[in-house]
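The values are calculated or read from the model by the stated rules, or taken from the named source; none is laboratory data. Bear in mind that the values here come from a model prediction, so they are computed numbers and not experimental data. Glycine gets a Cβ as well: all are built from the backbone with ideal geometry, and neighbour counts include every protein chain shown.
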Amino acid sequence: MRRATLFCCLIVLLSARSALAVSYPLPPEGSRLVGNPQAIVVPHDNILPLEAFAAQYGQGLSNMLEANPEADPFLPKPGSTLVVPQQIILPDTVREGIVINVAEMRLYYYPKDGNSVEILPIGIGQAGRETPRNWVTAVERKQAGPTWTPTPNTRREYAKEGKTLPAFVPAGPDNPMGLYAIYIGRLYAIHGTNSNFGIGLRVSQGCIRLRHADIKYLFDTVPVGTRVQIVDRPVKVTTEPDGSRWVEVHEPLSRNRTEFESDKKVPLPSMPVLQTLLKGEGVDLHRASDALERRSGMPVNIGGSRSPQGGLL
(Lines give C-alpha, C1' and ligand atoms only; values in the text may rest on other atoms or scores of the structure.)
Protein backbone atom coordinates (compact mmCIF):
# COMPACT_ATOMS: atom_id res chain seq x y z
CA MET A 1 0.00 0.00 0.00
CA ARG A 2 2.77 2.41 0.91
CA ARG A 3 4.54 1.77 -2.39
CA ALA A 4 1.36 2.31 -4.41
CA THR A 5 0.63 5.57 -2.59
CA LEU A 6 4.20 6.76 -3.09
CA PHE A 7 4.05 5.89 -6.78
CA CYS A 8 0.80 7.84 -7.29
CA CYS A 9 2.36 10.88 -5.63
CA LEU A 10 5.39 10.59 -7.86
CA ILE A 11 3.23 10.54 -10.99
CA VAL A 12 1.82 13.91 -9.99
CA LEU A 13 5.36 15.18 -9.45
CA LEU A 14 6.57 13.82 -12.76
CA SER A 15 3.77 15.49 -14.70
CA ALA A 16 5.68 18.71 -14.21
CA ARG A 17 9.09 17.23 -15.10
CA SER A 18 10.39 17.74 -18.63
CA ALA A 19 13.59 17.24 -20.57
CA LEU A 20 14.55 19.09 -23.70
CA ALA A 21 15.51 17.23 -26.87
CA VAL A 22 18.98 15.75 -26.98
CA SER A 23 20.99 17.62 -29.64
CA TYR A 24 23.64 15.85 -31.72
CA PRO A 25 26.06 17.33 -34.28
CA LEU A 26 25.21 15.93 -37.70
CA PRO A 27 27.73 13.32 -38.84
CA PRO A 28 29.27 13.72 -42.31
CA GLU A 29 27.57 12.21 -45.35
CA GLY A 30 28.09 8.47 -45.37
CA SER A 31 27.90 8.27 -41.59
CA ARG A 32 24.73 7.81 -39.53
CA LEU A 33 26.09 6.96 -36.09
CA VAL A 34 25.74 9.72 -33.49
CA GLY A 35 26.37 10.06 -29.77
CA ASN A 36 27.62 7.67 -27.12
CA PRO A 37 25.82 5.62 -24.47
CA GLN A 38 26.00 6.69 -20.85
CA ALA A 39 26.04 4.65 -17.68
CA ILE A 40 24.49 6.16 -14.56
CA VAL A 41 24.18 4.82 -11.03
CA VAL A 42 20.81 4.90 -9.30
CA PRO A 43 21.21 6.91 -6.06
CA HIS A 44 21.20 4.85 -2.87
CA ASP A 45 18.27 6.92 -1.55
CA ASN A 46 16.31 6.65 -4.79
CA ILE A 47 12.50 6.83 -4.60
CA LEU A 48 11.88 7.67 -8.26
CA PRO A 49 10.52 5.39 -11.01
CA LEU A 50 12.40 4.68 -14.24
CA GLU A 51 10.34 7.37 -16.01
CA ALA A 52 12.12 10.03 -13.94
CA PHE A 53 15.50 8.91 -15.26
CA ALA A 54 14.10 8.67 -18.80
CA ALA A 55 12.84 12.26 -18.60
CA GLN A 56 16.08 13.54 -17.11
CA TYR A 57 18.12 12.17 -20.01
CA GLY A 58 15.69 12.87 -22.85
CA GLN A 59 14.54 9.27 -23.36
CA GLY A 60 11.19 7.55 -23.56
CA LEU A 61 10.28 4.84 -21.08
CA SER A 62 10.48 2.19 -23.82
CA ASN A 63 14.03 3.27 -24.71
CA MET A 64 15.15 2.83 -21.10
CA LEU A 65 13.37 -0.52 -20.76
CA GLU A 66 14.97 -1.88 -23.93
CA ALA A 67 18.42 -0.84 -22.74
CA ASN A 68 17.77 -2.04 -19.17
CA PRO A 69 15.42 -5.04 -19.35
CA GLU A 70 16.11 -6.09 -15.75
CA ALA A 71 15.32 -2.66 -14.28
CA ASP A 72 12.19 -2.27 -12.17
CA PRO A 73 10.11 0.40 -13.96
CA PHE A 74 8.42 1.39 -10.71
CA LEU A 75 11.53 1.67 -8.57
CA PRO A 76 14.98 0.94 -10.04
CA LYS A 77 17.22 -0.75 -7.49
CA PRO A 78 19.31 1.76 -5.51
CA GLY A 79 22.99 1.43 -6.41
CA SER A 80 22.26 -0.36 -9.69
CA THR A 81 23.64 0.87 -13.01
CA LEU A 82 21.35 2.08 -15.79
CA VAL A 83 22.44 2.45 -19.40
CA VAL A 84 21.13 5.60 -21.10
CA PRO A 85 20.84 4.83 -24.83
CA GLN A 86 22.22 8.09 -26.19
CA GLN A 87 24.08 6.49 -29.07
CA ILE A 88 21.77 6.20 -32.06
CA ILE A 89 21.78 5.28 -35.75
CA LEU A 90 19.95 7.97 -37.72
CA PRO A 91 17.09 6.64 -39.89
CA ASP A 92 18.18 5.98 -43.46
CA THR A 93 16.17 8.76 -45.06
CA VAL A 94 16.53 12.41 -46.00
CA ARG A 95 17.85 14.70 -43.27
CA GLU A 96 15.08 17.24 -43.63
CA GLY A 97 12.33 18.56 -41.40
CA ILE A 98 10.79 16.03 -39.03
CA VAL A 99 11.39 12.28 -39.28
CA ILE A 100 9.46 10.01 -36.91
CA ASN A 101 10.39 6.36 -36.45
CA VAL A 102 7.40 4.83 -34.69
CA ALA A 103 9.22 1.56 -34.01
CA GLU A 104 11.77 3.25 -31.74
CA MET A 105 9.32 5.93 -30.54
CA ARG A 106 11.64 8.82 -31.42
CA LEU A 107 11.21 12.03 -33.37
CA TYR A 108 14.15 13.51 -35.28
CA TYR A 109 14.14 17.19 -36.15
CA TYR A 110 16.67 18.58 -38.62
CA PRO A 111 16.62 22.40 -38.30
CA LYS A 112 16.81 24.09 -41.69
CA ASP A 113 20.31 25.34 -42.53
CA GLY A 114 21.52 23.81 -39.28
CA ASN A 115 24.23 21.30 -38.54
CA SER A 116 22.50 19.30 -35.83
CA VAL A 117 19.71 16.83 -35.27
CA GLU A 118 17.38 17.15 -32.28
CA ILE A 119 16.07 13.80 -31.01
CA LEU A 120 12.94 13.62 -28.87
CA PRO A 121 11.07 10.65 -27.35
CA ILE A 122 7.40 10.25 -28.22
CA GLY A 123 4.27 8.33 -27.30
CA ILE A 124 2.31 6.81 -30.18
CA GLY A 125 -1.03 5.16 -31.00
CA GLN A 126 -2.34 2.14 -29.15
CA ALA A 127 -2.45 -1.26 -30.80
CA GLY A 128 -5.50 -1.07 -33.04
CA ARG A 129 -5.40 2.75 -33.08
CA GLU A 130 -2.22 3.07 -35.08
CA THR A 131 -0.06 6.07 -35.75
CA PRO A 132 0.59 6.02 -39.54
CA ARG A 133 3.68 3.95 -40.32
CA ASN A 134 4.83 5.03 -43.77
CA TRP A 135 3.73 8.53 -44.67
CA VAL A 136 5.14 11.79 -45.99
CA THR A 137 3.16 14.92 -45.14
CA ALA A 138 3.80 18.43 -43.81
CA VAL A 139 3.00 20.74 -40.93
CA GLU A 140 -0.35 22.31 -41.85
CA ARG A 141 -0.90 24.55 -38.84
CA LYS A 142 -0.01 25.07 -35.19
CA GLN A 143 -2.30 25.75 -32.26
CA ALA A 144 -1.51 26.95 -28.76
CA GLY A 145 -4.14 25.78 -26.27
CA PRO A 146 -5.68 23.05 -28.46
CA THR A 147 -9.11 21.64 -27.64
CA TRP A 148 -10.11 18.01 -28.07
CA THR A 149 -13.33 16.55 -29.43
CA PRO A 150 -13.25 12.77 -28.88
CA THR A 151 -14.77 10.76 -31.70
CA PRO A 152 -17.90 8.70 -30.92
CA ASN A 153 -15.80 5.55 -31.34
CA THR A 154 -13.26 6.79 -28.79
CA ARG A 155 -16.03 7.60 -26.31
CA ARG A 156 -17.52 4.13 -26.79
CA GLU A 157 -14.15 2.49 -26.14
CA TYR A 158 -13.72 4.45 -22.92
CA ALA A 159 -17.30 3.57 -21.90
CA LYS A 160 -16.47 -0.15 -22.20
CA GLU A 161 -13.81 0.43 -19.54
CA GLY A 162 -16.30 2.25 -17.31
CA LYS A 163 -14.89 5.68 -18.14
CA THR A 164 -16.93 8.65 -19.31
CA LEU A 165 -15.42 11.05 -21.81
CA PRO A 166 -17.04 14.44 -22.38
CA ALA A 167 -18.01 15.36 -25.90
CA PHE A 168 -15.62 18.32 -25.77
CA VAL A 169 -12.46 18.95 -23.72
CA PRO A 170 -11.49 22.63 -23.49
CA ALA A 171 -7.95 23.93 -23.65
CA GLY A 172 -5.94 23.78 -20.45
CA PRO A 173 -3.63 21.63 -18.35
CA ASP A 174 -6.19 18.81 -18.07
CA ASN A 175 -6.48 18.42 -21.83
CA PRO A 176 -4.84 15.17 -23.06
CA MET A 177 -3.41 17.17 -26.00
CA GLY A 178 -1.41 19.33 -23.63
CA LEU A 179 -0.80 23.02 -24.25
CA TYR A 180 0.50 22.95 -27.84
CA ALA A 181 -0.36 21.07 -31.02
CA ILE A 182 1.29 20.83 -34.44
CA TYR A 183 -1.20 19.48 -36.98
CA ILE A 184 0.05 17.22 -39.76
CA GLY A 185 -2.25 16.11 -42.55
CA ARG A 186 -5.99 16.28 -41.79
CA LEU A 187 -6.40 13.81 -38.96
CA TYR A 188 -3.21 13.72 -36.92
CA ALA A 189 -1.21 15.98 -34.67
CA ILE A 190 2.08 16.15 -32.82
CA HIS A 191 1.05 17.47 -29.43
CA GLY A 192 1.76 17.65 -25.73
CA THR A 193 0.18 15.63 -22.97
CA ASN A 194 -1.20 15.95 -19.47
CA SER A 195 0.56 12.71 -18.48
CA ASN A 196 4.29 12.57 -19.16
CA PHE A 197 4.32 8.95 -18.01
CA GLY A 198 2.99 7.95 -21.46
CA ILE A 199 6.10 9.07 -23.36
CA GLY A 200 7.70 6.01 -24.89
CA LEU A 201 4.48 4.01 -24.70
CA ARG A 202 1.56 3.15 -26.98
CA VAL A 203 -1.12 5.24 -25.32
CA SER A 204 -2.64 7.70 -27.80
CA GLN A 205 -5.54 7.48 -30.22
CA GLY A 206 -3.06 7.64 -33.11
CA CYS A 207 -1.45 11.04 -32.63
CA ILE A 208 2.11 11.65 -31.46
CA ARG A 209 2.72 12.83 -27.89
CA LEU A 210 5.69 14.67 -26.43
CA ARG A 211 6.66 15.97 -23.01
CA HIS A 212 5.77 19.58 -22.34
CA ALA A 213 9.23 21.10 -22.87
CA ASP A 214 9.73 19.11 -26.08
CA ILE A 215 6.45 20.11 -27.74
CA LYS A 216 7.05 23.71 -26.65
CA TYR A 217 10.47 23.59 -28.35
CA LEU A 218 9.01 22.19 -31.58
CA PHE A 219 6.06 24.57 -31.49
CA ASP A 220 8.38 27.57 -31.21
CA THR A 221 10.91 26.26 -33.74
CA VAL A 222 9.20 24.30 -36.52
CA PRO A 223 7.62 26.46 -39.25
CA VAL A 224 4.35 25.68 -41.00
CA GLY A 225 5.08 23.80 -44.22
CA THR A 226 7.91 21.74 -42.71
CA ARG A 227 8.24 18.28 -44.25
CA VAL A 228 7.18 15.41 -41.98
CA GLN A 229 8.03 11.78 -42.69
CA ILE A 230 6.85 8.84 -40.59
CA VAL A 231 8.62 5.49 -40.93
CA ASP A 232 8.45 2.14 -39.16
CA ARG A 233 11.97 0.74 -38.93
CA PRO A 234 12.66 -1.51 -35.95
CA VAL A 235 16.03 -2.45 -37.44
CA LYS A 236 18.54 0.20 -38.51
CA VAL A 237 21.94 -0.63 -39.99
CA THR A 238 24.93 1.39 -41.06
CA THR A 239 28.39 0.83 -42.47
CA GLU A 240 30.49 3.75 -41.27
CA PRO A 241 33.29 5.46 -43.24
CA ASP A 242 35.89 3.60 -41.13
CA GLY A 243 34.39 0.30 -42.31
CA SER A 244 32.72 -0.60 -39.01
CA ARG A 245 29.30 -2.21 -39.27
CA TRP A 246 26.52 -1.48 -36.82
CA VAL A 247 22.97 -2.65 -36.18
CA GLU A 248 20.31 -1.17 -33.87
CA VAL A 249 17.32 -3.38 -33.14
CA HIS A 250 14.05 -2.42 -31.47
CA GLU A 251 11.07 -4.60 -30.66
CA PRO A 252 8.72 -4.32 -33.68
CA LEU A 253 5.30 -2.81 -33.07
CA SER A 254 2.46 -5.27 -32.74
CA ARG A 255 -0.35 -5.12 -35.27
CA ASN A 256 -3.17 -5.88 -32.87
CA ARG A 257 -3.89 -5.86 -29.15
CA THR A 258 -3.66 -9.65 -28.76
CA GLU A 259 -0.16 -9.63 -30.22
CA PHE A 260 0.71 -6.57 -28.15
CA GLU A 261 -0.22 -8.35 -24.93
CA SER A 262 1.55 -11.60 -25.83
CA ASP A 263 4.76 -12.61 -24.09
CA LYS A 264 6.15 -13.84 -27.41
CA LYS A 265 8.47 -11.61 -29.40
CA VAL A 266 7.06 -10.05 -32.54
CA PRO A 267 8.99 -11.37 -35.58
CA LEU A 268 11.46 -8.97 -37.15
CA PRO A 269 10.58 -7.82 -40.67
CA SER A 270 12.54 -9.11 -43.65
CA MET A 271 14.96 -6.37 -44.70
CA PRO A 272 17.20 -6.81 -47.77
CA VAL A 273 19.64 -4.23 -46.38
CA LEU A 274 20.00 -6.30 -43.21
CA GLN A 275 20.64 -9.48 -45.15
CA THR A 276 23.27 -7.69 -47.21
CA LEU A 277 24.95 -6.40 -44.06
CA LEU A 278 25.05 -9.80 -42.38
CA LYS A 279 26.59 -11.39 -45.46
CA GLY A 280 29.28 -8.73 -45.72
CA GLU A 281 32.93 -9.34 -44.99
CA GLY A 282 34.17 -8.67 -41.49
CA VAL A 283 30.82 -9.30 -39.79
CA ASP A 284 30.81 -11.28 -36.56
CA LEU A 285 27.71 -13.42 -37.08
CA HIS A 286 27.56 -14.34 -33.38
CA ARG A 287 27.38 -10.67 -32.36
CA ALA A 288 24.85 -9.97 -35.10
CA SER A 289 22.65 -12.88 -34.01
CA ASP A 290 22.84 -11.76 -30.38
CA ALA A 291 21.86 -8.20 -31.35
CA LEU A 292 18.84 -9.41 -33.32
CA GLU A 293 17.75 -11.58 -30.40
CA ARG A 294 18.50 -9.13 -27.59
CA ARG A 295 16.83 -6.07 -29.23
CA SER A 296 18.48 -3.58 -26.89
CA GLY A 297 17.49 -0.52 -28.94
CA MET A 298 21.17 0.50 -28.97
CA PRO A 299 23.73 0.39 -31.80
CA VAL A 300 25.86 -2.75 -31.66
CA ASN A 301 29.16 -3.04 -33.49
CA ILE A 302 28.94 -6.35 -35.32
CA GLY A 303 32.40 -6.05 -36.85
CA GLY A 304 35.35 -8.18 -35.92
CA SER A 305 36.72 -5.81 -33.25
CA ARG A 306 35.50 -3.33 -30.68
CA SER A 307 34.83 0.15 -32.04
CA PRO A 308 37.15 2.94 -30.88
CA GLN A 309 33.99 5.04 -30.47
CA GLY A 310 33.14 3.02 -27.37
CA GLY A 311 29.82 1.56 -28.52
CA LEU A 312 28.36 -1.31 -26.56
CA LEU A 313 29.07 -4.68 -28.12
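Checked against (1) at pLDDT 95 or above; (2) surrounded by fewer than 20 Cβ atoms within 10 Å (Cβ to Cβ), residue 127 passes all but a single condition, namely (1). If the condition is being modelled with pLDDT under 80 and either acidic (Asp, Glu) or not in a loop (DSSP other than H, G, I, E, B) (or both), then region 241-266 contributes 257, 258, 259, 260, 261, 263.
Just to be sure before I move on: is residue 178 closer than 17 Å to residue 102 by Cα, crowded, with 16+ Cβ neighbours inside 10 Å, of a type in the set (Gly, Ala, Ser) and within 24 Å of the chain's Cα centre (by Cα) in the structure I sent? For residue 178, the condition - closer than 17 Å to residue 102 by Cα, crowded, with 16+ Cβ neighbours inside 10 Å, of a type in the set (Gly, Ala, Ser) and within 24 Å of the chain's Cα centre (by Cα) - is not met. Scanning region 31-48 for residues that are in contact with a strand residue (DSSP E or B) (Cβ under 9 Å, 6 or more places away or on another chain) and either assigned to a loop (DSSP other than H, G, I, E, B) or among the aromatic types (Phe, Trp, Tyr) (or both) gives 31, 32, 35, 37, 42. Taking the listed residues 70, 66, 51, 104, the one that is surrounded by 20 or more Cβ atoms within 10 Å (Cβ to Cβ) and assigned to a loop (DSSP other than H, G, I, E, B) is 104, with no other qualifying.
Looking at region 113-123, is at least one residue part of a loop (DSSP other than H, G, I, E, B), surrounded by 15 or more Cβ atoms within 10 Å (Cβ to Cβ) and within 22 Å of the chain's Cα centre (by Cα)? Within region 113-123 (the criterion being part of a loop (DSSP other than H, G, I, E, B), surrounded by 15 or more Cβ atoms within 10 Å (Cβ to Cβ) and within 22 Å of the chain's Cα centre (by Cα)), the answer is yes, since at least one residue qualifies.
Among the residues of region 130-141, is there at least one that is buried (at least 16 other Cβ atoms within 10 Å of the Cβ), outside any strand (DSSP E or B) and free of Cβ contacts under 8 Å to residues at least 24 places away in the same chain? No; the residues of region 130-141 include none that is buried (at least 16 other Cβ atoms within 10 Å of the Cβ), outside any strand (DSSP E or B) and free of Cβ contacts under 8 Å to residues at least 24 places away in the same chain.
Residues that are of a type in the set (S, T, N, Q) and within 17 Å of residue 300 (Cα to Cα) within region 201-257 comprise 238, 239, 244, listed in sequence order. The residues in region 236-254 that are of a type in the set (A, V, I, L, M, F, W, C) and over 20 Å from residue 281 (Cα atoms) can be counted, and the count is 2. Just one of the listed residues (144, 189, 159) is closer than 16 Å to residue 231 by Cα and among the hydrophobic types (A, V, I, L, M, F, W, C), and it is 189. When residue 174 is tested against the conditions (1) over 22 Å from residue 213 (Cα atoms); (2) out of contact with any Pro (no Cβ under 8 Å at 6 or more places or on another chain), the lone failure is (1).
Residues in region 70-88 that are in contact (Cβ under 8 Å) with a residue 60 or more places away in the chain and farther than 12 Å from residue 37 by Cα: 74, 75. Note on region 64-108: among residues that are in contact with a helix residue (DSSP H, G or I) (Cβ under 7 Å, 6 or more places away or on another chain) and not aliphatic (A, V, I, L, M), the one that is farthest from residue 225 (Cα to Cα) is 76.
Just to be sure I understand, how many residues within region 181-209 are crowded, with 19+ Cβ neighbours inside 10 Å, in a loop (DSSP other than H, G, I, E, B) and of a type in the set (Ser, Thr, Tyr)? The number of residues fulfilling the criteria is 1.
Being among the β-branched types (Val, Ile, Thr) and in contact with a Lys or Arg (Cβ under 7 Å, 6 or more places away or on another chain) is a property that residue 83 lacks. Among the conditions (1) polar (S, T, N, Q); (2) farther than 17 Å from residue 210 by Cβ; (3) at pLDDT below 95, the only one that residue 137 does not satisfy is (3).
Do the conditions hold for residue 238, that is, is it surrounded by fewer than 19 Cβ atoms within 10 Å (Cβ to Cβ), at pLDDT below 95 and either assigned by TED's automatic domain parsing to the domain that holds residue 105 or among the β-branched types (Val, Ile, Thr) (or both)? Judged against the criteria, residue 238 is not a match.
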